[in-house]
Structures are given as C-alpha cells and as structure tokens.
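Working notes for the structure below.
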Amino acid sequence: MTIKDNEFVELQTLTGPMRTSVFRPQAEGRYPGILLYPEIFQTTGPIRRTAALLAGHGYVVAVPEIWHEFEPAGCVLAYDQAGADRGNALKMEKELRGLDGDSRAVLDYLKAHPNCTGKLGALGICIGGHLSFRAAAKNPDVRAAVCFYATDLHKETFSKTGNDTLACAKDIQGELLMFWGKQDPHVPLEGRRKIYNALCEVNANFTWHEFNGQHAFLRDEGHRYDPALAMQCHQMALELFHRKLGEGDLPAKAAAGPAESKH
C-alpha cells in the first residue's frame, strides 16, 4: 500500500507543543491508529521506516518527539555515545505527567483524524517499549500494545518523578505483545522475570517472546540488527493489530453493541 510520510502536526500537551510525524495510506478510507513511540534518539531513519511499514499495512501512524520540552522541533539524536548520553539524561529529566500527557495528546489526535476509525494501538521500541506499555496502562482505549525490549520497566527509577509503570499493569485492558532479547544487558534475566511475574499476578492478557537477540535487534542500522528476527516480530505485531483493531476479535459486549455495529 502506497503511503504518505511527509506530514507533521504540532500537538499541544501538558508540557508544551510536541512535533509529531504522521504516516498513513494514500488510498482514501479510514484506518486504525497506532501511536509509535521511538527510542531515546527520537524519530531516526529506522523509526521512520518502521512507521512506514505499519502505515503500508493499513494504519494511521503518529510518532511523537518525546523530548519536545528540551530539544528543538525536528531534533534527532545520533546513534553514538553522545546521542545515547543525551537521551538517557533527558529520560531522567522528563516527568511522568509529561509522558502521560504526550500519550493522551497523540491518541486524541488519532481518534479525531478523518482517516482514522478511532480504534487505537501502540508500539514502542526501547524506551518506547516502556512508553507503549505505559500508554496501554493509562489509556483504556488502547486495544493492543507492542513492546520491544522495554527498558527501565523493571527499575524503580525512570524519570525525575519516579517509576510506577509496572505497578499500573493491573489497569491494562488491551492485549500486550512483549519482545525481548536474551543478550540484552539493559533488561537482564532478573528484570524480565520481574516483569513477567507482575503481568501474571494481575492476569494480564499478554504474549511473551524471548529470542537470542541483542538490544536493538529491530533497528535496521548497526551490527546488532537481526533482519530475520525483525521480520518475524513485525509479522506478529501486525497480526495483533489486524486482530484487535479490526472487527474480528472484539469484546462480547462491544461486538453486540451499537458502537461496533457494521450496519
């Protein structure tokens, strides 16, 4: 499916204006919406290509600039030590209310978009995986969330105002798809066990996959990229979105109610 990938909007958030990139099918019609959270480096080439892939499968995809309070619009951090240091420093400066306000602003934008059906999902990579998880916990209209090696989810510290994300797992109403690399030092075995146990304790609806992969195995730049694994994970993510954001796997009440009627 041919897409449009050169659209930008400035969304008003609790902590100021946030530049957001929008990718969507060129064909007229209405499509489900996906909030795509990037790595700490913001909207890099690999993130744009991930957004384009999703849009090409029939989604309106919005990618926010998560450091909008601190960096000028359009800022992209380099995939080097300086870029990583800057992104990690900003992560500790951002407040939780800013993270949650950003998510809600993007979801509201997608819900109101003329080419969106109003059915919403989230996908995130690295810190974005954490934010995708958090978006699902804080927003019941997120029907499906995909989390690639969600960093800091198992830690007590995440932002300057703490980290309560894992404790919010009980509030997730959508379905989760969790991907991990066994050779990822950022989320070691004990951290993955902590997250898995927390999800089991609240009886969350989730699928869990651990692979022989390094951190950033999805990123199509650098020596850690695993193309075969990335393709497999993309296919699983698309299956979840097609199922949960289409009309084939609706809750019983929603399927019977007028809001979900096809007529």
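Derivation of every value follows stated rules applied to the coordinates shown; laboratory data play no part. This structure is a prediction, so every number in the text was calculated from the model and none was measured. Note: ideal-geometry Cβ built from the backbone for every residue, glycine included; neighbour counts use all protein chains shown.
Observations
- Reported count of residues in the range 184-199, each being of a type in the set (A, V, I, L, M, F, W, C) and not in a helix (DSSP H, G or I), is 1.
Here's the yes/no breakdown for (1) part of a loop (DSSP other than H, G, I, E, B); (2) out of contact with any helix residue (DSSP H, G or I) (no Cβ under 8 Å at 6 or more places or on another chain); (3) β-branched (Val, Ile, Thr):
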site: ALA52; (1), (2), (3): no, yes, no
site: ILE66; (1), (2), (3): yes, no, yes
site: GLU69; (1), (2), (3): yes, no, no
site: TYR79; (1), (2), (3): yes, yes, no
site: ALA82; (1), (2), (3): no, yes, no
site: ASN88; (1), (2), (3): no, yes, no
site: LEU99; (1), (2), (3): no, no, no
site: SER103; (1), (2), (3): no, no, no
site: ASP108; (1), (2), (3): no, yes, no
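- Subset of the range 5-27 (residues that are among the charged types (D, E, K, R) and in contact (Cβ under 8 Å) with a residue 24 or more places away in the chain): ASP5, GLU10, ARG19, ARG24
- Of all the residues in the range 206-243, those that are part of a helix (DSSP H, G or I), of a type in the set (A, V, I, L, M, F, W, C), over 16 Å from the mean Cα position of the chain (by Cα) and surrounded by 14 or more Cβ atoms within 10 Å (Cβ to Cβ) number 1.
- If only residues of the range 63-85 that are of a type in the set (Asp, Glu) and more than 14 Å from THR44 (Cβ to Cβ) are counted, the one that is surrounded by the most Cβ atoms within 10 Å (Cβ to Cβ) is GLU69.
- Any hit, the range 160-183, residues being touching a residue at least 60 places away in the same chain (Cβ under 8 Å), part of a helix (DSSP H, G or I) and crowded, with 22+ Cβ neighbours inside 10 Å: no
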